[in-house]
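The values are calculated or read from the model by the stated rules, or taken from the named source; none is laboratory data. The structure presented is a predicted model; accordingly, all values stated were derived computationally and were not measured. For neighbour counting, all protein chains shown are included, and Cβ atoms are generated from backbone atoms with ideal geometry for every residue, glycine included. Surface areas here come from the heavy atoms of the whole protein model, side chains and all, with no ligands, DNA or RNA. Shrake-Rupley method; radii C 1.70, N 1.55, O 1.52, S 1.80 Å.
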Amino acid sequence: MRAAVVTNTKFEVADLPTPVPGRGQVLINVTRCGICGSDLHARLHADQLADLATAAGYDGFMRSDQSVVLGHEFSGEVVDYGPGCRRRWKPGTSVVALPILRNGKKSEMTGLSTAAPGAYAEQVVVQESMTMPVPNGLSAEHAALTEPMAVAWHAIRRGRVGKGQTAFVIGCGPIGLAVISMLKAAGVRTVIASDFSPRRRELATACGADVVVDPATDSPWTANPKPGRITTVTDILDLGFEAMDRLRRVPNLPWWYVFRLAHTLNAGPAGPAIFECVGVPGILDQILTAAPPRSQVIVVGVCMEPDRIHPATAINKEIDLRFVLGYDPGEFRDTLHMLANGKVDPAPLITATVGLDGIDNAFTTLATPTHHAKILIDPTSPTTTP
């Protein structure tokens, strides 16, 4: 098969042996594969990423001097099965799969390890238990976005964003756009997006953002059409006085039980949900400084460098800070069906498609946010320019 192989940051399209599925594995023909921001990082900073992965307990991440087939956002068609499979689907069935393989008892990250070559290729091996048929005739292009959209869905679920809660999305690259799309699919009524790039702001609007801000000229924090009552720490103190004044007016009321009930129901005053989707040093501290009290900050952007924050700022505002990664199989399945049922439209994210010979050009193009968001790879396409 033909595949794009990266070694020491350089891509080469090569003829590789046809992959052989192992026990419990399925061989699929790749129909589409998305280029992910983590692929851009892995190409240039593989050793740094590998060190971080090792520190977290995974020692199989690619190294810069290894030859690796990237690609973990893909759709495809069933070709053949390895031993020990239930052979759930006929050859030719359209499928997607979580990008993870089990070789023996060891789990490997598809497209980010030499032990699990990815989908920048004509064929890729997937785990049968992690494979799902594509429903409702969903296109190969949209099905390939199940993986990045599942990342966004996981972030929203972990953030426990309510429909009436204002959500800020800081950074409108592919993951920020996916977060906007999934927030609107979840019914969140007010989504405010911020990005310096005019093109990305345009795409944010297409994905459903209610307010889009250029932070070079306007502040996202003052753009909320329905600002909450809590904007400063003193607002929380004022609410406490007002609550106690009202409760004390009720004769013989054990007012502390009202507070206990509020604690049980998590019904106290809350700020907005803020999704950090930039991943560069300094952004997180800027958000903590500007965010209203009782905000929840969900960190989705991957910062590859050491960063500094002022914890006392977050403490004084009692801000919740949550970091997210990936998704579980249930979230992946639910995302696939949300796409297939038309509950969320990923079309605005897709800005170009190239063949295997166009991957190097696509990576160069994605280094700047001028025109593109998500570029897909079609292994059968001759296109070399996004």
**OP:** Scan region 75-84 residue by residue and report those that are open to solvent by 10 Å² or more (accessible area, probe 1.4 Å), under 16 Å from residue 24 (Cα atoms) and assigned to a strand (DSSP E or B).
**Re:** 79, 80, 81
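Considering region 51-74 alone, what residues qualify as being closer than 30 Å to residue 336 by Cβ, open to solvent by less than 60 Å² (accessible area, probe 1.4 Å) and either in contact with an Asp or Glu (Cβ under 8 Å, 6 or more places away or on another chain) or outside any strand (DSSP E or B) (or both)?
Our first condition is that a residue be closer than 30 Å to residue 336 by Cβ; within region 51-74, this holds for 52-53, 56-58, 60-62, 68-74.
Next, only the ones that are open to solvent by less than 60 Å² (accessible area, probe 1.4 Å) stay: 53, 58, 60-62, 68-74.
Across region 51-74, the qualifying residues are 53, 58, 60, 61, 62, 69, 70, 71, 72, 73, 74.
Kindly indicate whether residue 231 is in contact (Cβ under 8 Å) with a residue 60 or more places away in the chain, open to solvent by less than 80 Å² (accessible area, probe 1.4 Å) and polar (S, T, N, Q).
Working: in contact (Cβ under 8 Å) with a residue 60 or more places away in the chain: yes; open to solvent by less than 80 Å² (accessible area, probe 1.4 Å): no; polar (S, T, N, Q): yes.
Judged against the criteria, residue 231 is not a match.
If a residue has to be open to solvent by 70 Å² or more (accessible area, probe 1.4 Å) and more than 18 Å from residue 186 (Cα to Cα) to count, how many in region 336-360 make the cut? Write out each step before concluding.
Going through region 336-360, the residues open to solvent by 70 Å² or more (accessible area, probe 1.4 Å) turn out to be 341, 343, 345, 357.
Those left that are additionally more than 18 Å from residue 186 (Cα to Cα): 357.
The qualifying residues number 1.
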**OP:** Mind telling me which of the residues 333, 294 ends up being in contact (Cβ under 8 Å) with a residue 24 or more places away in the chain, under 17 Å from the mean Cα position of the chain (by Cα) and open to solvent by 70 Å² or more (accessible area, probe 1.4 Å)?
**Re:** 333
Original post:
Any residue at all in region 134-156 that is more than 17 Å from residue 36 (Cβ to Cβ), outside any helix (DSSP H, G or I) and of a type in the set (Val, Ile, Thr)?
Top reply: yes
Subject >> Odd one out for residue 384 among (1) under 16 Å from residue 36 (Cα atoms); (2) in a loop (DSSP other than H, G, I, E, B) >> reply: (1)
**OP:** Could you check, for region 178-201, whether at least one of its residues is open to solvent by 30 Å² or more (accessible area, probe 1.4 Å), under 19 Å from residue 268 (Cβ atoms) and assigned to a helix (DSSP H, G or I)?
**Re:** no
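Counting only residues that are of a type in the set (Val, Ile, Thr) and open to solvent by 30 Å² or more (accessible area, probe 1.4 Å), which one in region 368-386 is modelled with the lowest pLDDT? Walk me through it before giving the result.
Initially, region 368-386 is screened for residues of a type in the set (Val, Ile, Thr), giving 368, 370, 375, 377, 380, 383-385.
From what's left, open to solvent by 30 Å² or more (accessible area, probe 1.4 Å): 368, 370, 380, 383-385.
Details: 368: 86, 370: 82, 380: 97, 383: 97, 384: 97, 385: 95.
The residue in question is 370.
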Original post:
Is there a residue in region 92-105 that is modelled with pLDDT of 95 or more, of a type in the set (Gly, Ala, Ser) and open to solvent by 10 Å² or more (accessible area, probe 1.4 Å)?
Top reply: yes
Subject >> Which numbered condition residue 365 fails, given (1) of a type outside the set (A, V, I, L, M); (2) open to solvent by 40 Å² or more (accessible area, probe 1.4 Å); (3) not in a helix (DSSP H, G or I) >> reply: (3)
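Has region 20-30 got at least one residue that is modelled with pLDDT of 95 or more, outside any strand (DSSP E or B), closer than 30 Å to residue 85 by Cα and open to solvent by 40 Å² or more (accessible area, probe 1.4 Å)? Before you say what the answer is, go through the steps one by one.
Of region 20-30, the ones modelled with pLDDT of 95 or more are 20-30.
Add one more test, that the residue is outside any strand (DSSP E or B), and what stays is 20-24.
Then drop every residue that is not closer than 30 Å to residue 85 by Cα, which leaves 20-24.
Going one step further and asking which of them are open to solvent by 40 Å² or more (accessible area, probe 1.4 Å), we end up with 20, 23.
Checked region 20-30: at least one residue is modelled with pLDDT of 95 or more, outside any strand (DSSP E or B), closer than 30 Å to residue 85 by Cα and open to solvent by 40 Å² or more (accessible area, probe 1.4 Å).
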Original post:
Could you say whether any residue in region 85-97 is out of contact with any Phe, Trp or Tyr (no Cβ under 9 Å at 6 or more places or on another chain), closer than 20 Å to residue 302 by Cα and outside any helix (DSSP H, G or I)?
Top reply: no
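Looking at region 132-164 only, could you name the residues that are within 16 Å of residue 94 (Cβ to Cβ) and open to solvent by 10 Å² or more (accessible area, probe 1.4 Å)? Don't jump to the end; show me each part of the working.
So in region 132-164, the residues within 16 Å of residue 94 (Cβ to Cβ) come out as 132-147.
132, 133, 134, 135, 136, 137, 138, 139, 140, 141, 142, 147, listed by residue number.
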Original post:
What pairs come up if the first residue lies in region 315-328 and is under 17 Å from residue 150 (Cβ atoms), the second is part of a loop (DSSP other than H, G, I, E, B), and their beta carbons are under 8 Å apart, counting only those six or more places apart or on different chains?
Top reply: 324/300
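Does any residue of region 147-160 turn out to be more than 17 Å from the chain's Cα centre (by Cα), at pLDDT below 95 and not basic (Lys, Arg)? Explain how you work it out, then say what you get.
Within region 147-160, the first condition is being more than 17 Å from the chain's Cα centre (by Cα), and the residues that meet it are none.
No, every residue in region 147-160 fails to be more than 17 Å from the chain's Cα centre (by Cα), at pLDDT below 95 and not basic (Lys, Arg).
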**OP:** Looking at (1) within 15 Å of residue 123 (Cβ to Cβ); (2) in contact (Cβ under 8 Å) with a residue 24 or more places away in the chain; (3) open to solvent by 10 Å² or more (accessible area, probe 1.4 Å); (4) not small (Gly, Ala, Ser), find the lone condition where residue 15 falls short.
**Re:** (2)
Subject >> From the options 131, 114, residue that is at negative phi and without any contact (Cβ under 8 Å) to a residue 60 or more places away in the chain >> reply: 114
Original post:
In region 317-330, which residues are surrounded by 14 or more Cβ atoms within 10 Å (Cβ to Cβ) and part of a helix (DSSP H, G or I)?
Top reply: 317
**OP:** Looking at (1) touching a residue at least 60 places away in the same chain (Cβ under 8 Å); (2) closer than 22 Å to residue 14 by Cβ, find the lone condition where residue 349 falls short.
**Re:** (2)
Original post:
Looking at (1) among the aliphatic types (A, V, I, L, M); (2) open to solvent by 30 Å² or more (accessible area, probe 1.4 Å); (3) under 28 Å from residue 344 (Cα atoms), which is the only condition residue 253 fails?
Top reply: (3)
